[in-house]
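The values are calculated or read from the model by the stated rules, or taken from the named source; none is laboratory data. Since the model is a prediction, treat every value here as computed from it, not as a measurement. So basically every Cβ, Gly included, is an ideal-geometry build from the backbone, and we count neighbours across all protein chains shown.
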Amino acid sequence: MENESINLYKKNKYKFPGQRHNEEVILVLRKHKIVLLPYALQIILLFLLPILFYYFVAPYAFPALLEDSYQKVFVFFSIIYFGFIWILIFIIWVDYYLDIWIITDQRMLDVEQIGFFNRVVSELDLKRIQDITSRVHGILPTMFGFGNIRIQTAAEEHRFELKSIPHPVATRRKIIELYTNAKENDRFIFRDREDD
C-alpha cells in the first residue's frame, strides 16, 4: 500500500533547471493540501466581514450607511476590499504551489517561494545525509497522513526540513533507500578508481 501511495509523487519525465544529464527524478513533493484549510477559513471570514458589518453593525453604529448615497460608497470600498482578498488568495496559492521538494537518485532540492519575487533553492547531496527522522504529530496529521521529515547533514548547523508532506514515513523510507543506493554507487566508483 505504501509503495502505491508514494508513487503518486513519482514523476518519470519531470525536468528542472540544473538537472544533471545522468540524474533521474524519483519524487516530487508538495505540502499536503490540508495545510490550505486554515487559510480557507480565514478567507471565508474575510469575505463575510463587510456583509456582517453592513447588516449587524451599520444599522446601530452608522445608520447613515443605509442611505442610498452612502450605500454606493460602501459598495465601492467593499469591491476594492474584495479585490485585495483575491490578491491574497493568489499569493497563498503561489506560495503553496511553488514550494516544492525534488528528490533525485543523487540529491535533494528544496525550492521555497517567498512572495512573488523571492525564491530560495537549497541542495543536498544524498551521500551527506547523517540522520533522517519523520514525525506525524497531532490528530489532523494522523487522520490525513501528513507530517514532517527532518534530515540532518554532515554539517552540524544545516538541516533540511520537509514540512507537512503526505506519507512522511513512506517518503523517509524511500529517501533512506536512495541514500543507501548513492552510498553503494559511490563505493563502487571509489573501488574502480583504486583498481586503475
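Annotations for the structure displayed:
- Residue 25 falls short on exactly one of the conditions (1) outside the structural domain of residue 162 (by TED's automatic domain parsing); (2) surrounded by 16 or more Cβ atoms within 10 Å (Cβ to Cβ); (3) not hydroxyl-bearing (Ser, Thr, Tyr), and that condition is (1).
- Residues of the range 93-112 satisfying the condition of being part of a strand (DSSP E or B) and either touching a residue at least 24 places away in the same chain (Cβ under 8 Å) or surrounded by 17 or more Cβ atoms within 10 Å (Cβ to Cβ) (or both): 100, 101, 102, 103, 104, 107, 108, 109, 110
- Residue 16 falls short on exactly one of the conditions (1) modelled with pLDDT of 90 or more; (2) in a loop (DSSP other than H, G, I, E, B); (3) of a type in the set (A, V, I, L, M, F, W, C), and that condition is (1).
- Scanning the range 27-77 for residues that are under 30 Å from residue 101 (Cα atoms), part of a helix (DSSP H, G or I) and of a type in the set (Lys, Arg) yields a single hit, 33.
- Scan the range 72-83 for residues that are within 28 Å of the chain's Cα centre (by Cα) and either in contact (Cβ under 8 Å) with a residue 12 or more places away in the chain or surrounded by 11 or more Cβ atoms within 10 Å (Cβ to Cβ) (or both) and the total you get is 2.
- Residues (closer than 16 Å to residue 149 by Cα and of a type in the set (A, V, I, L, M)) located in the range 76-128: 100, 102, 103, 108, 109, 111, 124, 126
- Given (1) among the aliphatic types (A, V, I, L, M); (2) surrounded by 15 or more Cβ atoms within 10 Å (Cβ to Cβ); (3) touching a strand residue (DSSP E or B) at 6+ places or on another chain (Cβ under 8 Å), number of the condition residue 58 does not satisfy: (3)
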